[in-house]
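Structure below; questions to follow.
The values are calculated or read from the model by the stated rules, or taken from the named source; none is laboratory data. Since the structure is predicted, the reported quantities are computational estimates derived from the model, not experimental observations. Cβ sites come from the backbone with ideal geometry, for glycine too, and all protein chains shown count toward neighbours.
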Amino acid sequence: MCVFCSIIEGSIPSYKVYEDDGFLAILDICQTTYGHTLVMPKKHYENILEMPEDEAKELLSLTRKLADKIVKNLDAKGFNLLVNTGEVAGQSVPHVHFHIIPRYSENDTVKLEFTENKYDFLEITSKINKAV
């Protein structure tokens, strides 16, 4: 059983931010910033691509509502919304979840850096459009 399923069933304790019949939001045990929250479905899906579209929409809608409450109630200046899909992308728990990472200052310790690479945009768009 995955660690999030164990948390959902109650065999591992957590700090709950929100819970309903289908979803759970908890404080991340490794607080990147004050109020770092994880939002997940109670039903096990390894990643967001496995979720039915209607459930994925509900998850995103709830995540947005919780992000708004976190920003307002914790006086954050903004937030990062992060979902890792696959080990290569940094997914360490195989249960879909969104990270809401409140941001309080441009000079905090969180670093999300992107390296610019040069790719053929026409090739990329034609490959993506084939699949859609």
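Take the residues in segment 75-95 that are of a type in the set (Val, Ile, Thr) and surrounded by 15 or more Cβ atoms within 10 Å (Cβ to Cβ), then tell me which one is nearest to the chain's Cα centre (by Cα).
Residue satisfying both the conditions and the ranking: Val83.
Test each condition in (1) among the β-branched types (Val, Ile, Thr); (2) surrounded by 13 or more Cβ atoms within 10 Å (Cβ to Cβ); (3) out of contact with any helix residue (DSSP H, G or I) (no Cβ under 9 Å at 6 or more places or on another chain) for Thr115 and report the one that comes out false.
Condition not satisfied by Thr115: (2).
Only residues in segment 11-36 that are in contact (Cβ under 8 Å) with a residue 24 or more places away in the chain and under 24 Å from Glu58 (Cβ atoms) count as the first member; pair them with residues that are part of a loop (DSSP other than H, G, I, E, B) and of a type in the set (Lys, Arg), Cβ under 8 angstrom, at least 6 apart or cross-chain, and list the lot.
As it stands, the answer is Gly22/Lys42; Gly22/Lys43; Phe23/Lys42, since those pairs meet every condition given.
Looking for something touching a residue at least 12 places away in the same chain (Cβ under 8 Å) and under 22 Å from Cys5 (Cβ atoms) - is there at least one such residue anywhere in segment 64-79?
Yes.
Can we say Thr37 is polar (S, T, N, Q), more than 17 Å from Thr85 (Cβ to Cβ), modelled with pLDDT under 95 and touching a His at 6+ places or on another chain (Cβ under 9 Å)?
no
Identify the residue in segment 81-100 that is in contact with a helix residue (DSSP H, G or I) (Cβ under 6 Å, 6 or more places away or on another chain) and assigned to a strand (DSSP E or B) and, among all such residues, is farthest from Lys65 (Cα to Cα).
Among them, the one singled out is Phe98.
Continuing with the same structure: Which numbered condition trips up Ile100, out of (1) in contact with a Ser or Thr (Cβ under 8 Å, 6 or more places away or on another chain); (2) more than 30 Å from Pro41 (Cβ to Cβ)?
(2)
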